[in-house]
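Scroll down for the structure; my scribbles are underneath it.
Derivation of every value follows stated rules applied to the coordinates shown; laboratory data play no part. On a predicted model such as this, the values are computed, not experimentally measured, just so you know. With ideal geometry, Cβ positions are generated from the backbone for all residues, glycine too; neighbour counts draw on all protein chains shown.
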Amino acid sequence: MSTPSSTPVFRFAPSPNGRLHLGHAYSALCNERAARRVRGRLLLRIEDIDPTRCRREFEDAIVEDLAWLGIAFDGAIRRQSEQIDDYDAALQRLQSRDLVYPCLCTRGEIAKAGSGARDPDGAPLHRGRCVGVAPQEIVARLVAGEPAALRLDLARARALAPVELSWREFGEGESGRNIVAAPEAWGDVVLRGKERPAAYHLAVVVDDAAQGVSDVVRGRDLYASTSVHRLLQALLGLPAPRYHHHRLALGADGAKLSKSAASLSLAALREAGLGAREIRAALGFEPDVATSLRVTLS
Ligand code: GLU
C-alpha cells in the first residue's frame, strides 16, 4: 500500500442535497482538527454527482454554513459534476480489463432474482451478470437505446486485485490498525448509474487520488464502503489514503441524523440564536465554552 509522503491533505466532501446538520459539522470539525494538528491542507469537495438530488443553492448554503462555523478551506472547491471526464477515463481503464458490464435490471428484478441478501446500504445484492435477461435481449435493448447501469464484475475484479486487500484505520486518534477489506459484501457495485454519470464509489476514489488526499476523515456510516474503495484503488493503481472513520451525531431517538432532520440543521440552530462556538462546544471542540445543546456521538 503506498503512503503519500509530502504535506498531508484532508477533505470534507458533503453532497449538496440538503442543509448541513450537526453530523456534518462534526465531520468538518474532525477534518479541521486533524489537518491543523499535522499542518496539513484542508480541501472542500462538493459531491454533486447525482443530478436528481443535488442543487446549486444547497452548495451555496453549505459554503455559508461552513464559513459561519469558522472553518477555512485551502484551494478551490472541486465539484464532482465538473469531473465527468476523469470518471469516464477510470471507467474505461476498468472496461479495458473486462471488469465492467451493462446492467438493465431494476431494483425489483434484482430483489426477485436474489436470495434476499442485501449490501451494507440495504440494497438487494447483485452478483453476476444480469441473470434474468437473455444475452441477446440485453444486446437488443442496449441497441434500442435503453439506459443501462454499468457494474463492476466483482468476481473478476477480486481475482485481479491483490489477495491481501486492506487499509490503515485510525478511527478518532487511535494508532493505526490494519483492516482487511471485504468488498464481497457489496456484490457487483454500480460504477455508473442509469441517471448518474458516475456512482459514489467510483467518483470518490478518483477524486481522492486527483486531489492527493492522504487522509480520509469521514463518518462510520462509510466504513463498509472503504472495502470497495480499496478494491477500486487497487484495480486503478491509485494510492491508498489513511482512513479515520469517526463517530456519528445521533438524534434524540438514537438514529443517525439525516438531512431531513431539519430542526438540527446548522441554519435552524443559528436562527434559534445559537452561536458557532456553542455548536463547536456541543460537539466537543471548545472545552471552555458552556452550551445547553446536547449531542450524542456514537
Ligand atoms: N458525500 C458523502 C456524504 O455527504 C461523503 C463521502 C465521503 O466522505 O467519502 O455523506
* According to the square roots a ≥ b ≥ c of the eigenvalues of the Cα gyration tensor, what is the shape class of segment 48-93, taking rounded for a/c under 1.5, prolate for a/b larger than b/c otherwise, and oblate for the remainder? -> oblate
* **Cubic angstrom per residue, convex hull over Cα atoms of the chain** => 142 Å³
* Structure fact -> Other residues with Cβ under 11 Å from the Cβ of Ala234 give, with Lys and Arg +1 and Asp and Glu -1, a net charge of +1
* Helix axis angle, 200-210 relative to the chain longest principal axis, alpha carbon, degrees -> 70 degrees
* Fewest first, what order do Tyr101, Tyr200 take by the number of other Cβ atoms within 10 Å? -> Tyr101, Tyr200
* R0 of 35 Å, Cβ-Cβ distance Val180-Asp88: FRET efficiency to nearest 0.05 -> 0.65
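Full-extension gain between Val139 and Ala290, please, as 0.36 nm times their residue separation minus the C-alpha to C-alpha distance.
47.9 nm
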* From the backbone phi of segment 91-101, what are the Karplus-calculated ³J(HN,Hα) couplings (6.51 cos²θ - 1.76 cosθ + 1.60, θ = phi - 60°) in whole Hz, Gly and Pro given as x? -> 4, 5, 5, 6, 5, 5, 9, 6, 9, 10, 9
* **Local electrostatic count, Gly176, Cβ distance below 13 Å [Lys/Arg +1, Asp/Glu -1]** => -1
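With charges set only on the Cβ (+1 for Lys and Arg, -1 for Asp and Glu), what does the dipole of segment 215-298 come to about its Cα centre, in debye to the nearest 20?
Approximately 240 debye in magnitude.
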* **Spin-label model distance (nm) - Ala255 vs Arg118, 7 Å beyond Cα toward Cβ** => 1.3 nm
* Considering the alpha-carbon set of segment 95-171 alone, what are its Rg and its Dmax in angstrom? -> 15.1, 49
* To do: For the chain, set up a Gaussian network in which alpha carbons nearer than 10 Å are linked by springs, and say which option among Ala255, Ala182, Ala203 fluctuates the most.
  => Ala255
* Asked: If you place +1 on the Cβ of every Lys and Arg and -1 on the Cβ of every Asp and Glu, how big does the dipole about the Cα centre of the chain come out, in debye to the nearest 20?
  -> 440 debye
* **On Cα atoms only, tilt of 56-69 relative to the major axis of the chain in degrees** => 40 degrees
* Structure fact -> Net charge near Ala276 (other residues with Cβ under 14 Å of its Cβ; Lys, Arg +1; Asp, Glu -1) is -3
* Could you tell me which of Pro8, Ile77, Leu91 has its Cα farthest along the dipole of segment 1-100 towards the positive end, charges placed at Cβ (Lys, Arg +1; Asp, Glu -1), taken about the Cα centre? => Pro8
* **Separation of alpha-carbon centers, segment 1-67 and segment 153-205, rounded to whole Å** => 20 Å
* To do: With a cut-off of 12 Å, note down the residues of segment 230-246 whose backbone N falls inside the zone around a label point 7 Å from the Cα of Arg33 toward its beta carbon.
  => 246
